[in-house]
Amino acid sequence: MVVANIEVSETPLVLYTLRRADDALILGHRLSEWCGHAPMLEEDMALSNIALDLIGQARELYGYAAKAEGKDNDEDKLAYLRDVRQYRNLLLVEQPNGDFAQTLVRQFFYSAFADLYWRAMMNSRDATLAAVAAKSEKESAYHLRHSSEWIIRLGDGTEESHARAQAAIDRLWAFTGEMFAVDDSERGLIDAGIAIDPIALRERWLKTVTNVAGEATLVLPQNDWMQQGGRFGRHSEHLGHLLSELQSMQRTFPGLTW
Amino acid sequence: MYTQALNTAEADDRSLEDVAHAAQFQARIDAEERIEPNDWMPAAYRKTLTRQISQHAHSEIVGMLPEGNWITRAPSLRRKAALLAKVQDECGHGLYLYAAAETLGTSREELVDAMLAGKAKYSSIFNYPTLTWADIGVIGWLVDGAAIMNQIPLCRCSYGPYARAMIRVCKEESFHQRQGYEIMLTLCRGSDEQKAMAQDALNRWWWPVLMMFGPPDKVSQHSDASTKWKIKRFSNDELRQKFVDATVPQAQYLGLTIPDPGMTQDAEGHWRYSEIDWTEFKQVLAGNGPCNRDRMAARRKAHDEGAWVREAAAAYAKKRQYRQSAQAAE
Amino acid sequence: MATPNTPLWEVFIRSRNGLAHKHVGSLHASDATMALQAARDIYTRRGEGLSIWVVPSTAITASDPAEKGMMFEPAESKIYRHPTFYDVPEEVGHM
């Protein structure tokens, strides 16, 4: 049997759902890499909880994408049998864990967005997406709380932790713009009340991020050049390695049930 | 209860175990009373328990590594979530157990430092590598199965905090063994390749799992005192036999062969296994297992690389306290 | 170098409305906020709780087991504090 990538008919709704599913899976996968290696046992527990929330969100969204597509794809085919050019996640979430500061800054940038995003999506005209949003909103709110508290402690902790947190912010800032980008395919869904316009969230996101960074004595970069491409399958080099690990069993033993 | 503060010098001042105290203590144990943290206890009881509970905790934490090795490669999203939740549980169990050990007067930090310095032991089973996905099935089915055999009697252990921690652990672990057996069942109902993978994993883990119950009764050094103090309620060999008897039919159901050609069933229905190679056990315990060095290196790395994070949290707490008291003074 | 100690906290959880908070275990955290988050992440993973208290372990003052006799035995003889001590004729009904 040939190990082939599946084909996905990316209608606007399928593509939209896949993009959010990929965000959740890739970030959940990254966090799961910490399990057994965190700075303290209490954080092993916390990071695993966040990872499990995100993997749960991914599974629901993949299930819905498969249903919306109406072919014979399912959550596992979508996760395990698409290659790097078919993945639709934000560049931010695929960035490597780095040190604890980099992981937490990545989480903070994403959760500050996800919290607003899912709360707004609870009003989606698409009943399934609205239901996923209702569940994810509570999870994201806690992820934001957890990561904010850590940003404050790392920023306002020791000289070393401050330097590491600032370096993480400087490194990851350019990946935050992509969260607010909209293409034509999403514009239609926004007009139909199925998706929300992320631009409307940007000001509140910036306020949250600015407040927490301020309390943490950290500085947000002035540079507003933003990296883009993840939503269209143009990723960083990191994603390919992540996928080769994530998909290794399905690629080595195609078509089996585990 | 559960506080370091309560186990202060007072208890140590009484370490001259007068005979009356010791007799009273033993009478409470014999009456199945639970011993609580600030109760009087013989120094040897405290030492034995601190060693046993902390070893148990270290085992849970080091035990995250062999299974954690497959979280990023789990073959389906359902399996990935279940495995992550399971390894996370083990972390929680380590945490409950450290807390129970701390009630005896040694801090978690000291216990962890001893482990990282190579001065404290953990279960030798975690020094074997997980090579294929089937190993995750076998660990859940057999390693957790063996652990449960060991842990259920500990729920009635004479030391209250340990017994309570074990009740919580056993409750949470009930899904672990089922998770492992379900993986094995799926493999055994799958392709020839999958079935071979399952058999290969069983072949590699069977004997190390039997060794988990510890040395045979005739040479076990801690058993006498532990039995008297009702820390231990069954002997190593009793538990091992119980485990084998429970496991053989489960293997038969899977269609797998226990890698012990000399195994026979006696008249009472017990499955009699062949002689265990205790030289291997001693070597693994002495640090010469296939993964001892890797496991210690991974734990030390996590500890060392986490130091600046713990320092940051402590520094922030101090600053906040200072600011609050400065504010209150205004 | 010895690892510096992170403070120990005791965790109490209310499992359902109407019940009291019950001690469930301990954890380590640098401050109260982190202790509360850790308690949530460690002790409510299976939906065990609706409310959490965390208390620094050092804030607990405990009775001394050596004084158990003095502390608790005097109460045992006060049987007149229990309803079964008193005789009320059955005809009177439940009281």
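Every read-out reported here was derived from the displayed coordinates using simple, explicitly stated rules and does not represent laboratory data. This structure is a prediction, so every number in the text was calculated from the model and none was measured. Cβ sites come from the backbone with ideal geometry, for glycine too, and all protein chains shown count toward neighbours.
Apply the Karplus parameterisation 6.51 cos²θ - 1.76 cosθ + 1.60, with θ equal to phi minus 60°, to every residue of region A:24-36 and state each ³J(HN,Hα) to the nearest whole Hz, in sequence, with x for glycine and proline.
Taking θ as phi minus 60°, the curve returns 5, 5, 5, 5, x, 4, 4, 5, 5, 5, 6, 4, x Hz for region A:24-36.
Quick check: pseudo-label points 7 Å beyond the Cα along Cα→Cβ at residue C:77 and residue B:286, how many nm apart are they?
Taking the simple label geometry, residue C:77 and residue B:286 are separated by 6.5 nm.
Given bins 10 angstrom wide, list per bin the percent of all Cα-Cα distances in the protein assembly as shown, short to long.
All Cα pairs considered, the percentages come to 3, 13, 22, 23, 19, 12, 6, 2, 0.
Taking H as built 1.01 Å from N, whose amide H comes closer than 5 Å to the amide H of residue C:51, not counting residues under 5 places away?
For residue C:51, whose amide H was placed from the backbone, the distant partners under 5 Å are C:14.
I'd like to compare C:37-47, B:257-267: which one has the highest average count of other Cβ atoms within 10 Å, and what's the full order after that?
Working: C:37-47: 19.7, B:257-267: 11.5.
Top of the packing list down: C:37-47, B:257-267.
Would you mind pulling out the separation of the Cα centroids of region C:1-73 and region B:82-122, in Å?
Taking the Cα centre of region B:82-122 as reference, the centre of region C:1-73 is 18 Å away.
How big is the Cα convex hull of chain B in projection, averaged over all directions, in nm²?
On the way: hull surface 84.8 nm².
Answer in nm², one decimal: 21.2.
Which ordering of A:257, B:132 is given by a fewest-first count of other beta-carbon atoms within 10 Å? Walk me through the intermediate numbers first.
Working: A:257 12, B:132 18.
Listing A:257, B:132 from fewest to most nearby Cβ atoms yields A:257, B:132.
What aspartates and glutamates does residue B:242 reach when the alpha-carbon gap must be under 16 Å and sequence neighbours fewer than 8 apart in one chain are set aside?
B:144, B:217, B:266, B:268
For B:129-136, what's the mean count of beta carbons from other chains sitting within 10 Å of each residue's beta carbon?
Across the residues of B:129-136, the mean count of other-chain Cβ atoms within 10 Å is 1.
Using only DSSP helix segments of four residues or longer, with each worth -39500 (n - 2.57), what per-residue ellipticity at 222 nm results for chain B after dividing by its residue count and rounding to 500?
Values: 14 runs with 212 residues, N = 330.
Computed ellipticity for chain B at 222 nm equals -21000 deg cm²/dmol.
Quick one: if the Förster radius is 35 Å, what FRET efficiency do residue B:171 and residue A:199 give, using the C-beta to C-beta distance and rounding to 0.05?
According to the calculation, E is roughly 0.15.
Quick check on the exposure proxy: order B:155, B:91 from fewest to most C-beta atoms within 10 angstrom.
Numbers: B:155 16, B:91 23.
Exposure proxy ranking, most exposed first: B:155, B:91.
Please arrange C:16, B:320, B:299 by counting, for each residue, the other beta carbons lying within 10 Å of its beta carbon, fewest first.
Working: C:16 9, B:320 17, B:299 21.
Placing the least packed residue first, the sequence is C:16, B:320, B:299.
Given the options B:280, B:193, B:67, which has the most mean-square fluctuation in a GNM of chain B, springs set between C-alpha atoms less than 10 angstrom apart?
B:193
Please compare each pair in A:138/A:207; B:121/B:195; B:47/B:232 to a cut-off of 24 Å on the Cα-Cα distance and tell me which ones are over it.
Working: A:138/A:207 20 Å; B:121/B:195 35 Å; B:47/B:232 15 Å.
Listed pairs above 24 Å: B:121/B:195.
From the phi of every residue in region B:174-183, what ³J(HN,Hα) in whole Hz does the Karplus formula 6.51 cos²θ - 1.76 cosθ + 1.60 yield, where θ is phi - 60° and glycine or proline is x?
4, 7, 5, 5, 4, 4, x, 5, 5, 4
Using a 10 angstrom cutoff on alpha carbons, build the Gaussian network for chain B and name the most mobile of B:191, B:174, B:235.
Maximum among the listed residues: B:191.
If you line up the long axis of helix A:100-121 against the longest principal axis of chain A, both from Cα atoms, how many degrees apart are they, to the nearest 10?
60
Only Cα pairs within less than 10 Å get springs; with that Gaussian network setup on chain A, which residue of A:183, A:156, A:83 has the largest fluctuation?
A:183
Give the angle, between 0 and 90 degrees and rounded to the nearest 10, that separates the Cα long axis of helix B:192-211 from the longest principal axis of the Cα atoms of chain B.
Between the helix axis and the principal axis of chain B, the angle is about 50 degrees.
Tell me, what is the FRET efficiency for residue C:60 and residue C:20 to the nearest 0.05, using R0 = 22 angstrom and their Cβ-Cβ distance as r? Show your work: numbers first, answer last.
Working: r = 16 Å, r/R0 = 0.75.
Efficiency at R0 = 22 Å is approximately 0.85.
Hey, got the average number of other protein chain Cβ atoms within 10 angstrom for residues in A:147-158?
Values: counts 0, 0, 7, 6, 0, 3, 13, 5, 2, 5, 13, 8.
The per-residue average across the peptide is 5.
So which trypsin sites (Lys or Arg not before Pro) in region B:174-268 end up in coil per DSSP with only 16 or fewer other C-beta atoms within 10 Å?
On the way: sites: B:178, B:189, B:195, B:204, B:218, B:228, B:230, B:232, B:233, B:240, B:242; in loops: B:189, B:218, B:230, B:232, B:233.
Here the sparse-neighbourhood loop sites are B:189, B:218, B:233.
What are the residues whose amide H is under 5 Å from the amide H of residue C:25, where those residues sit 5 or more places off or on another chain and H is modelled from the backbone?
Hits under the 5 Å cutoff: C:11.
In whole Hz, with x marking every Gly and Pro, tabulate ³J(HN,Hα) for region B:100-113 from phi via Karplus 6.51 cos²θ - 1.76 cosθ + 1.60, θ = phi - 60°.
5, 5, 5, 5, 8, x, 10, 6, 4, 4, 5, 5, 5, 4
Would you please give the residues with an amide H less than 5 Å from that of residue B:230, counting only those at least 5 places away or on a separate chain, with H modeled from the backbone geometry?
The list, which skips near neighbours in sequence, is empty: none.
Tell me, which longest segment in chain A has none of the GluC sites (Glu not before Pro) that fall in DSSP loops with at most 14 further Cβ atoms within 10 Å? Intermediate values should be presented prior to the final figure.
On the way: sites that count: A:7, A:237.
That would be A:8-236.
Averaged over its residues, how many other protein chain Cβ atoms are within 10 Å of peptide A:26-36's Cβ atoms?
On the way: counts 0, 0, 4, 4, 1, 1, 10, 3, 3, 12, 17.
Mean number of neighbouring Cβ atoms from other chains: 5.
Taking a cut-off of 18 Å between Cα atoms, list the aspartates and glutamates near residue B:119, but don't count ones fewer than 8 places away on the same chain.
Partners found: B:60, B:102, B:109, B:110, B:294, B:304.
Using alpha carbons only, how many degrees (0 to 90, rounded to 10) separate the axis of helix C:32-43 from the longest principal axis of chain C?
Compared with the principal axis, the helix lies near 70 degrees.
Using the structure shown, list the pairs from B:171/C:22; B:171/B:301; C:22/C:78; B:171/C:68; A:77/B:80; B:80/B:282 with a Cα-Cα distance above 25 Å, or answer none. Let's see the in-between values first.
On the way: B:171/C:22 18 Å; B:171/B:301 31 Å; C:22/C:78 28 Å; B:171/C:68 32 Å; A:77/B:80 14 Å; B:80/B:282 34 Å.
Checking Cα-Cα distances, B:171/B:301; C:22/C:78; B:171/C:68; B:80/B:282 exceed 25 Å.
What's the ranking of C:57-64, A:125-132 by average number of surrounding C-beta atoms within 10 Å, highest first? Provide the component values of the computation, followed by the final result.
Working: C:57-64: 13.0, A:125-132: 17.0.
Sorting C:57-64, A:125-132 by mean packing, highest first, produces A:125-132, C:57-64.
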